[in-house]
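Reviewing the structure listed below.
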Amino acid sequence: MSSEPIVISVIVPAYNIADYIGPCLTSLLVPEATHCEIIVVDDGSTDATSEVIAGYHDPRLRIIQQTNGGLGNARNTGLEAARGDYILFVDGDDWAQPDLIPQCLAHIRKHPDADLFVFDYVDIMEHGTKDRVCGKNFWDAKSSACNKLFQRALIGDDRFDEDILYEDLAIVRPWVARAKKIVRIDAVLYNYRVTRPGSIMNSHDAQKLLDLPLAINRCVTRIEADANRWEEETPAERLGPDWKTRLYTVEAFIQGVINRGQAMPERGIRTEYVKQFFERLDEAENIDTQIVRQHYGLLVAVASRCHLAGAHAIGDLLLHGLGEIKREVQSRLLFSS
């Protein structure tokens with residue numbers, strides 16, 4: 001390890017991912033990854049994760065053992081221990097491209113005044129991959145913590161929420177909004193494993209999904225609170241006049257009701273979930289059905305209006321029930337022929 005000060009702290013939470021943590025650490029501990037520390041927070045694993053981590057011997061590697069506290073808690077533990085001027089978050093079941101840290105170091109030297117860097121990543125799915133191109137503005141930077149290099153000062157004393165899922169949405173968007181200079185690294189540097197069994201974002205449990213409206217509420221509250229130190233800029237001037245509408249419509253309603261709702265096979269559970277979703281959402285009046293129509297068409301927009309009016313059974317019928325009825329009729333016709 002060089003005697004020069006540590007520049008980048010890479011925080012890697014790990015919980016019961018014995019099959020994945022090895023490739024993750026191997027991808028980070030390349031010879032070219034200098035001026036960094038890799039902080040692995042073993043979040044109370046009960047499988048062989050700890051043994052796999054212990055098999056790596058590298059002066060750049062720091063291992064912290066703790067009782068299970070969840071992803072947000074593990075990341076916060078890493079933040080408290082980090083000694084670098086810049087922070088990378090890498091989830092232990094994902095892996096980086098070998099040039100992640102070298103590219104970040106090169107761009108830090110080139111843009112020392114930037115407080116946030118974003119880079120592209122790839123969704124790794126069961127039956128293929130999908131490239132995610134990220135931009136250097138509030139919207140195109142995405143909500144993920146793992147496709148960004150943060151200047152430590154940008155994060156400050158902020159920490160991830162530990163009582164909800166969707167902790168990235170709740171805190172990362174405000175960090176992006178806060179950044180004065182964002183630089184895009186034109187490279188695919190991260191591989192996000194979407195479909196690992198048991199992963200948080202692979203869960204369709206209705207109660208866990210109900211953390212999404214809470215996360216968007218906190219996100220908006222933090223952005224509005226931050227605006228007091230934006231040197232007379234308002235959120236509308238910095239993020240666009242429709243920033244709150246886009247957040248509530250795209251990040252909350254479309255993701256939580258339209259996309260996640262269709263993964264729930266039982267209509268009763270789905271309808272009750274949507275009802276509770278709206279009960280937890282602070283400013284549902286900001287949902288714009290015209291944006292929904294642009295994405296999904298007239299029928300889904302009408303269904304959305306029903307949900308906004310509290311007619312959740314009708315909204316569910318239009319969103320999901322008609323397709324279920326059609327499939328049932330087709331099945332009966334096929335069976336009787």
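Can you tell me the orientation of helix 298-308 relative to the chain, as the angle in degrees between its alpha-carbon axis and the longest Cα principal axis, to the nearest 10?
The angle comes out near 80 degrees.
To the nearest 20 debye, what is the magnitude of the charge dipole of region 1-138 about its Cα centre, counting +1 on the Cβ of each Lys and Arg and -1 on the Cβ of each Asp and Glu?
For region 1-138, the charge dipole is close to 400 debye.
Report, in deg cm²/dmol and to the nearest 500, the calculated mean residue ellipticity at 222 nm for the chain, where each DSSP H run with n ≥ 4 adds -39500 (n - 2.57) and the sum is divided by the residue count.
-11000 deg cm²/dmol
Let me know the charge dipole size of the chain about its Cα centre in debye, to the nearest 20, where only the beta-carbon of Lys, Arg (+1) and Asp, Glu (-1) is charged.
Dipole about the Cα centre, nearest 20: 820 debye.
Antiparallel versus total DSSP beta bridges in the chain: what percent is that, nearest 5?
Expressed as a percentage, antiparallel bridges in the chain total about 35.
With everything on Cα atoms, drop me the angle between helix 167-178 and the longest principal axis of the chain, reported from 0 to 90° to the nearest 10.
In the chain, helix 167-178 runs at an angle near 70 degrees to the longest axis.
Can you tell me the dipole magnitude for region 200-326 around its Cα centre, using point charges on the Cβ only (Lys, Arg +1; Asp, Glu -1), in Debye to the nearest 20?
Once rounded to the nearest 20, the dipole reads 520 debye.
May I ask for the angle, rounded to the nearest 10°, between helix 71-81 and the longest principal axis of the chain, with both axes built from Cα atoms and the value confined to 0 to 90°?
With rounding to tens, the tilt is 20 degrees.
Suppose the Debye formula is applied to equal point scatterers at every Cα of region 212-328; what is log10 I(q)/I(0) at q = 0.16 Å⁻¹?
Values, matching the q order: -0.74.
Within the chain, what's the longest stretch lacking trypsin sites (Lys or Arg not before Pro) that sit in DSSP loops with no more than 13 other Cβ atoms inside 10 Å?
Longest gap between qualifying sites, sites excluded: 182-337.
Across all directions of projection, what mean area in square nanometres is found for the Cα convex hull of the chain?
With the hull built on Cα positions only, its mean projection is 19.3 nm².
How many nm is it between the label spots at VAL250 and TRP230, if each spot is 7 Å from the Cα in line with the beta carbon?
1.6 nm
For region 103-168, rounded, prolate or oblate, judged on the Cα gyration tensor with a ≥ b ≥ c (square roots of eigenvalues), a/c < 1.5 rounded, else prolate if a/b > b/c?
Because a/c hits 1.5 or more and a/b fails to exceed b/c, region 103-168 counts as oblate.
How far, in nm, would the chain grow between THR221 and GLU32 when pulled straight, counting 0.36 nm per residue and subtracting the alpha carbon separation? List each step's numbers first, then the result.
Details: separation 189, 0.36 × 189 = 68.04 nm, distance 4.06 nm.
Extending this stretch completely gives an extra 64.0 nm.
Can you give the relative contact order of region 68-208 as a percent, counting alpha carbon pairs under 8 Å and 6+ residues apart? Each step should come with its number before you reach the end.
Numbers: 209 pairs, mean separation 50.5, N = 141.
In percent, rounded to a whole number, it is 36.
So for region 198-324, averaging the separation of alpha carbon pairs under 8 Å that are six or more residues apart and normalising by length, what relative contact order in percent results?
So the answer I get is 26 percent.
Please check the chain for the longest run free of GluC sites (Glu not before Pro) that are loop-located per DSSP (anything but H, G, I, E, B) and have at most 11 other Cβ atoms within 10 Å.
Counting only loop sites that pass the neighbour cut-off, the longest clear stretch is 127-230.
Using a 1.4 Å probe on the protein heavy atoms, what percent of the accessible area of the chain belongs to carbon and sulfur?
Whole-percent figure for carbon plus sulfur exposure: 51.
Give the calculated FRET efficiency between GLN207 and ARG159 to the nearest 0.05, with a Förster radius of 35 Å applied to their Cβ-Cβ distance.
Once rounded, the FRET efficiency stands at 0.90.
Go through ALA153, ASN286, GLY22 and say which Cα lies farthest out towards the positive end of the charge dipole of the chain; charges sit on Cβ, +1 for Lys and Arg, -1 for Asp and Glu.
ASN286
Give me the accessible area per residue for the chain, probe 1.4 Å, as a whole number in Å².
46 Å²
Which of the three applies to region 67-155, rounded, prolate or oblate, going by the alpha-carbon gyration tensor with a ≥ b ≥ c and a/c under 1.5 meaning rounded?
oblate
Picking from GLN65, ILE8, THR129, whose Cα lies most toward the positive end of the charge dipole for the chain (charges on Cβ: Lys, Arg +1; Asp, Glu -1)?
THR129
Multiply the residue gap between GLN294 and ASP242 by 0.36 nm, knock off their C-alpha separation, and tell me the result in nm, one decimal place.
The span from GLN294 to ASP242 would gain 17.2 nm if fully extended.
The values are calculated or read from the model by the stated rules, or taken from the named source; none is laboratory data. In this text, all values refer to a predicted model and were calculated from it rather than measured experimentally. Note that we place each Cβ from the backbone using ideal geometry, even for glycine, and neighbour counts take in every protein chain shown. Only protein heavy atoms, including side chains, enter the accessible area calculation; ligands, DNA and RNA are left aside. Shrake-Rupley method; radii C 1.70, N 1.55, O 1.52, S 1.80 Å.
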